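Reading through the structure tokens given below for one structure.
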Amino acid sequence: MKLYGKLEKVNLIFWVTNMKIEERVNSDVSINIDYLKCKFSNCSDVIYREINVFSEEKHDTVLIWIDGLTDMNLINDDIVKRLIKIRYTKDKQYFIQSEDKVQNNIVSIADIKVHTKMSEVIDSLLSGNTIIFIDGLDECIIASTRGGQFRSITEPKSESIVRGPMQGFTENIKINVGLIRGIIKNSDLKVESLKLGNVSKTDVTITYIDGIVNESILKEVKKRVNKINLDAILDSSYIEELIEDHPYSPFPQIAHTERPDKVAAHLLEGRVAIIVDGSPFVLLVPSIFIQFLQSSDDYYERYFMAFAVRMVRYLFFILALTFPSIYIAITTYHQEMLPTTLLMSVAGAQSGVPFPALIEAFIMELMLEALREAGVRLPKTVGQAVSIVGALVIGEAAVSAGIVSPLMVIVVATTAIASFTIPGFSIAISVRLLRFPLMLFAATLGFYGIMIGLIALLIHLCKLESFGIPYLSPLAPLEKADLKDTVIRVPWWSMKKRPTILKPKKIKRR
């Protein structure tokens, strides 16, 4: 049988099940090494370390790891030194006659597994583990030595708060799971692991609290995630785009966060978290519209302060969506709505401007979006300075040149500030995009056009769902029991039940 090019002479043992051939670990260590060297040809980062432990004449033990994915201190202290310490002290048969002696005497690492299939060995190697082949043993020892360089735990950059935990997720999935377990110290917290990506083999976990989560929601999440067939999963946003209910909607239907405390809070309500290795953003499903307008600060400050801040936030959310459109509608069609003094002031400011209000708004809004994008892409040391100075210089120059009116600059600046008050970045992007069609409606039909646009948006929102949960719930359909944490936030001692819209198994919090 001819297999793997230069391995023609190698006599591998095959198990054939369901028409699939699975290579087994051979008791001859040289065959296993030749097989892996063929699989990882032209891979200089795969390190092979041969040691003669049981024989002075030949290398009977081989360690293999991938440089950059492993913790070299573990390999040196708990594997290599251990093997050198026991060399020649006992016969090889003493160790290979039982798995217990292999695991307890060969290495001193806590997490040890034994595999018999080469496919499992390769997966373990690519995950950052060290594999150990011993001549005469038809099993491979897998030592957990995953390490390498990872970003340390820092404060979340996209979700800053004044009061509360300051820890944020990193790109390491094990650290992220540990952060959640550090908050929810309960055996009912379940973490189910799988690999996604035909090429990348990315580690993904589905996390939930057994006894609280709704089984139908959990089943649907697993079904959609397991259906993903893609070459690589490089970030949680890949999964978000593939499993959301309405991919053509401008509104996000799956929330993401960098905060472990936020994930823990939503798990306790009955949601499911999806954690992806290599991404600091954890997905939360199902998600509703009101969830994107809530901040972690709302739950760490006293309830009446949270209520006041939410009122301001919702007001500016509406302004961020409609303020330019209202200005265009009033100055174009409904001048009689303004007091005479204000009307004269507006008319005087626009007298030297060659463009109608719609063109003014489009020029300033597009320039603002360009400055905002430039501030994000430039290095931090110059990004903020360029965006601030650019806005001041361009705004002043545009007014001085008579291209736009001073009042339009005020409207656009107020709109920009209003969009910054929205906690969810994904929903803020949607608002920024939807401003432009609303401006066109306002320029065409005035306030009637704005109302038509808002009614169309409301109808669209009413049609959306997230894993079977209405997107506008608990407002539509109305769930009176869940109104305690929507526009207002009642005291903790008053929130005795979990959100009924999620239909958790255990409805009472206490």
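For (1) under 17 Å from A357 (Cβ atoms); (2) at pLDDT below 75, each residue gets a yes or a no:
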| site | (1), (2) |
| --- | --- |
| T381 | no, yes |
| V404 | yes, no |
| I410 | yes, no |
| T414 | yes, no |
| T421 | no, no |
| G424 | no, no |
| I427 | no, no |
| R432 | no, no |
How many of the residues in region 21-34 are surrounded by 15 or more Cβ atoms within 10 Å (Cβ to Cβ) and without any contact (Cβ under 8 Å) to a residue 60 or more places away in the chain?
2
Taking region 35-80 and keeping only residues that are among the β-branched types (V, I, T) and either in contact (Cβ under 8 Å) with a residue 40 or more places away in the chain or in contact with a strand residue (DSSP E or B) (Cβ under 6 Å, 6 or more places away or on another chain) (or both), one is left with V46, I47, I51, V53, T61, V62, I64, I66, T70, I75, I79
From (1) touching a Lys or Arg at 6+ places or on another chain (Cβ under 6 Å); (2) touching a residue at least 60 places away in the same chain (Cβ under 8 Å); (3) exposed (fewer than 15 other Cβ atoms within 10 Å of the Cβ), pick out the condition that doesn't hold for D210.
(2)
Can you tell me which of I239, I217, I275, I233 is modelled with pLDDT of 90 or more, surrounded by 15 or more Cβ atoms within 10 Å (Cβ to Cβ), in contact with a strand residue (DSSP E or B) (Cβ under 7 Å, 6 or more places away or on another chain) and assigned to a loop (DSSP other than H, G, I, E, B)?
I233
Has region 302-314 got any residue that is crowded, with 18+ Cβ neighbours inside 10 Å, touching a Lys or Arg at 6+ places or on another chain (Cβ under 9 Å) and not in a helix (DSSP H, G or I)?
no
Region 156-178: number of residues that are over 15 Å from the mean Cα position of the chain (by Cα), buried (at least 17 other Cβ atoms within 10 Å of the Cβ) and in a helix (DSSP H, G or I):
0
Residue check, I122 crowded, with 17+ Cβ neighbours inside 10 Å, more than 18 Å from I86 (Cα to Cα), β-branched (V, I, T) and without any contact (Cβ under 8 Å) to a residue 60 or more places away in the chain:
no
Output yes when any residue across region 489-496 is touching an Asp or Glu at 6+ places or on another chain (Cβ under 8 Å), surrounded by 14 or more Cβ atoms within 10 Å (Cβ to Cβ), hydrophobic (A, V, I, L, M, F, W, C) and not assigned by TED's automatic domain parsing to the domain that holds H256, and no when none is.
yes
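Got a sec? Which of T154, T130 is in contact (Cβ under 8 Å) with a residue 12 or more places away in the chain, among the β-branched types (V, I, T) and touching a Ser or Thr at 6+ places or on another chain (Cβ under 6 Å)?
One residue alone meets the criteria, T130.
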Need a quick list: helices (runs of 4 or more DSSP H) entirely within region 1-111 having at least 1 residues that are at pLDDT 70 or above and not β-branched (V, I, T).
29-39, 81-86
Checked D188, D235 against criteria (acidic (D, E) and farther than 29 Å from R509 by Cβ); the one match is D235
Please indicate, with yes or no, whether at least one residue in region 453-472 is within 31 Å of the chain's Cα centre (by Cα), within 30 Å of G352 (Cα to Cα) and among the basic types (K, R).
no
Go through (1) closer than 30 Å to A370 by Cβ; (2) part of a loop (DSSP other than H, G, I, E, B) for P504 and report which single condition fails.
(1)
Scan region 159-170 and report the pairs whose first residue is outside the structural domain of I183 (by TED's automatic domain parsing) and at positive phi and whose second residue is in a loop (DSSP other than H, G, I, E, B) and surrounded by 15 or more Cβ atoms within 10 Å (Cβ to Cβ), with Cβ atoms within less than 7 Å and a gap of 6+ or a chain change.
G164/S296
Restricting region 181-201 to residues that are outside any loop (DSSP other than H, G, I, E, B) and either in contact with a Phe, Trp or Tyr (Cβ under 9 Å, 6 or more places away or on another chain) or of a type in the set (K, R) (or both), which is surrounded by the fewest Cβ atoms within 10 Å (Cβ to Cβ)?
E192
Considering region 257-269 alone, what residues qualify as being within 16 Å of I290 (Cβ to Cβ) and in contact (Cβ under 8 Å) with a residue 24 or more places away in the chain?
T257, K262, A265, E269
From the residues in region 145-155 that are closer than 13 Å to P260 by Cα and among the β-branched types (V, I, T), which one is surrounded by the most Cβ atoms within 10 Å (Cβ to Cβ)?
I153
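State which residue is nearest to E241 (Cα to Cα) when the search covers only region 390-433 and only residues that are assigned to a loop (DSSP other than H, G, I, E, B) and touching a Leu at 6+ places or on another chain (Cβ under 8 Å).
That would be G424.
The values are calculated or read from the model by the stated rules, or taken from the named source; none is laboratory data. The structure presented is a predicted model; accordingly, all values stated were derived computationally and were not measured. Positions of Cβ are generated from backbone atoms using ideal geometry, with glycine treated the same way; all protein chains shown enter the neighbour counts.
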